[in-house]
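Heads up, the thing below is written out as structure tokens.
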Amino acid sequence: MAALCESFTLCGLGPSGGVGLGGGLLALEPGPDPDHVLLTDRGRTATLFKVSDQKPLGCWSVKHGQIITCPVVCNFETGEYVAVHDDKVLRIWNNQAVNLDKVFKATLSADVYRIHSLPDGGPVVLFRGGGIRTLDVLLEAPQQEIENVISDEVIKWSEAFMEDQQPVLIFATEKDGEFFVYVQKFKMNSLQKYRLEQQELSKPLSFTAYIKKQTITLLCLCSNDSVYKVLIPLQKNTEEEGEVLYKSLLLNLSVSGSVLKGTSFVVLDKDHIAVLGSQAASGEESKECLTIWNTKFQTLQTSKELPLGTSGQLWCYEEKFFFTHGKVLTVIMYKCETSSLAAAVGKLKDSQTPEASAFVNWNTLGDEELVDSLQSQQCAALTSESKMTLRSKKNTVAKAQPDNSSVGQFLLDLQDASTAAFEEKLGQLISKAQMPDFQATIGCVVTALINRCKKNKKYYPQNLLLQIVQTQDLSYSLCPDLMAVALENKDVYLLQVCLQRFPDIPEEITYACLKTFLSMSEAYLEEIDLSLESVICYIDIESKNKEVKAEIVENGFSAKPEQDIWDNKITKETHLAADGERCPVGPRKAALLNAVLCSAYSETFLLPHLKNLPAQQTVLFLRYLHYLYVKCSEKINTTLPGIGSPTISQVMDWMCLLLDAHFTVMVMLPEAKELLSNMHKFVRAQVRFYSELNKIESSLQELQRLNHQKDCSAYSIEVLELI
């Protein structure tokens, strides 16, 4: 199955976009990092963006009167950028360059159509006349003569691949309504020309291609609202000029009388393609939309309307779609899973959760189906391993097949087994830790437990779930419903352990945990056993209604705790730290909040959820973050003691996130006024302090140099004056 996920705006395209894309977008290319993309506008500017932060990292422009005529690309071998302006002028620069007029320049002898950059093969330059050169060869003699291969033909599309560690370039041309395909194999230094089969009412509008096992698969989006496939074997050498390539129908872009007029498309995997275009039923107004189709089962998997219109261009990198929507460049993430008929027709159970969550469904599966489901689940998990690993484990997996049935029977026994009996059988299963796919099996066991909890609300084996999470290397994706059930049962201890151990918790669940922790009273938390390792060293712990002062000490000195220092008016939610600064939450709530602070997240996806946090909880969380920030700043190493304590960077990031999400509310809220003022004063004082340190930096460096020069073998006292 395939689905569209979260979307966000990367940048504006109008005059207010701020990145020089007012002339529209020419192309989008991958940058030097998987999280970077290069945008080239239809004018003078190229911009490097960090996608996750939606921030430009660099922007370069040619002079007025000059125009960038092909997309800027990154040379992955050198980390440099390559551009062509005014058809023939080649420019090469790096991240440190500011003025493109002062970077490397070479004037070529022919017009350039496109530069393709390959991760392992370097840039390849395609000229408008069909000539092809690698960048290295071209730079040896920029004025070398470039042959004209395609007289009177116009290049419509091109793409490059790596095959057998050698570049392969394919491009399509048009002449008088006929289309031709050229394949350049650098290994054999041969250019092969083909003629594309011509059909009435099916003129190619867009092309894409991929290469696998020495065969290029060329896909054509045609004017008759269909996608055709053409296979081009690389190993075949034909002396016949203009051999005909016959098209075979891959997909009709129509659903229930509604036809999609595609403008561009991309291949996602062997069974899915994405098409951007306008869709309308007879008699209705057309609407632009982004769609994902399953080519194996000829079905529309998902669709998203784009009411503001697009430019008709679609790019896809790192499981993200990029396209213009109105006056902005929009990014939509997607996911594709292994095709099955149930997923293709939308009948897959629990299709919104990972496969492990739908592994055991007590309401729908019979005994035999349950065992079969386990076997298919384990086989599916095995396919995610590398082919080499699969080959090496082939015999081992075959021998382990009988165990699948025993595990399936074990899961069947869970339906009515007592907790004690379950623990005994679980111990037997854990003893088989060397069995193939052990972690996936444990994930299925947890899922089975969770499903039983859902069916029987009175059944909740907390200690058993806690034992499994603490002793096994699980992840959220292996048991996606675990934290949801823990939230429902207010099992904050299990949530704390999951936050500390799971590396892939969705931001929505992280926010739900934060909101739950902040809403709980200190009295309720006092009755719960929690891990306090992250707070015990810097927050006072209340024991038997008497507070004991635990100071953070240095140089081995600690003052004895005094007995009569506590103000009786202080509520249980206020605790004194070593310096008298009040902590706004108790130690147990602080430990839970620390687990949230230390969990992994994406700012882009967490921020929308944080905007829903109630104002009073936001103020309380900000007060705790401010308290941590002050505590971090007390020590020279700016770190908190304890195991699993948040770092100062994590504290500052969360403070910025909360202020971004609730700044207007914080400004208007009376109870937040003093907090914001204290935060402002503290940060301003720190800025001044570091500014003063910067002033004496050179003097300190000089002192360090002098100390290295002297060899004081005897004890001495020196007085140095800083001027």
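Couple of notes before you dig in:
- Solvent-accessible ranking of D87, D164, largest area first, probe 1.4 Å: D164, D87
- Heavy-atom accessible area for E6, with the other protein chains in place and a 1.4 Å probe, reaches approximately 90 Å².
- Region 31-149 pair-distance distribution - Cα-Cα, 5 Å bins, rounded %: 2, 12, 23, 24, 21, 12, 5, 2, 0
- Estimated at the nearest 10 Å², the accessible area of W157 is 40 Å² with a 1.4 Å probe.
- Cα-based shape type of region 494-536, given that a ≥ b ≥ c are square roots of the gyration tensor eigenvalues and the cut on a/c is 1.5: oblate
- Cα-Cα over 23 Å, subset of K175/K229; K175/K270; K335/K611; K175/K203; K175/K327: K175/K270; K335/K611; K175/K327
- Diagonalising the gyration tensor over the Cα atoms of region 669-709 and scaling each eigenvalue by 5 before taking the square root yields semi-axes of 39, 7, 4 Å, largest first.
- Other residues lying with their Cβ under 13 Å from the Cβ of T310 contribute a combined charge of +2, Lys and Arg counting +1, Asp and Glu -1.
- Measuring r between the beta carbons of K156 and T604 and using R0 = 41 Å, the FRET efficiency lands at 0.70.
- Neighbourhood net charge (12 Å Cβ-Cβ; Lys/Arg +1, Asp/Glu -1) for L10: +1
- Applying both filters, DSSP loop and at most 13 other Cβ atoms within 10 Å, to the trypsin sites (Lys or Arg not before Pro) of region 28-133 gives K63.
- Computed over protein heavy atoms with a 1.4 angstrom probe, the accessible surface ordering of C537, C220, largest first, is C537, C220.
- DSSP-loop trypsin sites (Lys or Arg not before Pro) across region 192-236, with at most 16 other Cβ within 10 angstrom: K213, K236
- Sum of side-chain charges, A280 neighbourhood, beta-carbon under 13 Å (Lys, Arg +1; Asp, Glu -1): -3
- For L231, solvent-accessible area (1.4 Å; no DNA, RNA or ligand), Å²: 100 Å²
- Annotation: peptides 251-264, 486-499, ranked by per-residue average of other Cβ atoms within 10 Å with the highest first, follow the order 486-499, 251-264.
- Over region 581-660, volume per residue of the alpha carbon convex hull, in Å³: 95 Å³
- Sequence of D529, D53 from largest to smallest accessible area, 1.4 Å probe: D529, D53
The values are calculated or read from the model by the stated rules, or taken from the named source; none is laboratory data. Since we're looking at a predicted model, the values are computed, not measured. Glycine also receives a Cβ, built like all others from the backbone with ideal geometry; neighbour counts cover every protein chain displayed. Ligands, DNA and RNA are excluded from the accessible area calculation, which covers all protein heavy atoms including side chains. Shrake-Rupley method; radii C 1.70, N 1.55, O 1.52, S 1.80 Å.
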